Amino acid sequence: MKDQIQYYEDKLAYEMDSADLFSSLNQGENVVVVDTRSKEVYEKEHIPDSISFPHRDMNNETVKVLDKTKVYVCYCDGIGCNGSTKGALNLVKLGFQVKELIGGLDWWKRDGYATDGKKSVSDSSISCGC
């Protein structure tokens, strides 16, 4: 049982869902949302106030503008994409505090949260059953 408790505590330390991210943003917590997909895809649709930082572009030079006191929440398209995992891994290796948004942009939209960009969604009705 102790191993299982540790597993779930670790999982929550490294991941968050859309409702947790939405709450963190609304409460002004020290988080930065990072879209790890290409800049072209980011321009089409992204989580509001997120920054575009493709995982392929992350290195010692490009992260110099980031604040190491913040928690970076990485996301990509969703369950069929591992860009958020690659971005999270890159940022952790470069010394940042990181979480991964489970379900990515797909689950963000399924939970009813708005998006920005050329194909943005404005309906922000929430129906979280947790």
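The values are calculated or read from the model by the stated rules, or taken from the named source; none is laboratory data. All values reported here derive from a predicted model rather than from experimental measurement. Positions of Cβ are backbone-derived with ideal geometry, glycine not excepted, and every protein chain shown enters the neighbour counts. Calculation scope for accessible area: heavy atoms of the full protein, side chains included, ligands and nucleic acids excluded. Shrake-Rupley method; radii C 1.70, N 1.55, O 1.52, S 1.80 Å.
Observations on the structure shown:
- Taken over the Cα atoms of the chain, the convex hull encloses 121 Å³ per residue.
- Using a cutoff of 8 angstrom between alpha carbon atoms and counting only pairs six or more residues apart, the relative contact order for the chain works out to 27 percent.
- Counting only lysines at least 8 places from Lys68 when in the same chain, those with an alpha carbon closer than 20 Å to its own are Lys86, Lys93, Lys99.
- If you model the range 63-123 as an ellipsoid using its alpha carbon gyration tensor, with each semi-axis the square root of five times an eigenvalue, the axes come out at 24, 13, 9 Å, biggest first.
- Hits among lysines - C-alpha to C-alpha of Lys119 under 18 Å, sequence gap 8 or more where chains match: Lys39, Lys44, Lys109
- Taking N as its residue count, the alpha carbon Rg of the range 3-60 over 2.2 N^0.38 Å: 1.38
- Highest to lowest packing among 79-90, 60-71, 99-110, scored as the average C-beta count within 10 Å: 99-110, 79-90, 60-71
- The residues of the range 1-44 expose on average 70 square angstrom of accessible surface per residue, using a 1.4 Å probe on protein heavy atoms.
- In the range 10-45, GluC sites (Glu not before Pro) in a DSSP loop with at most 13 other beta-carbon atoms within 10 Å: Glu29
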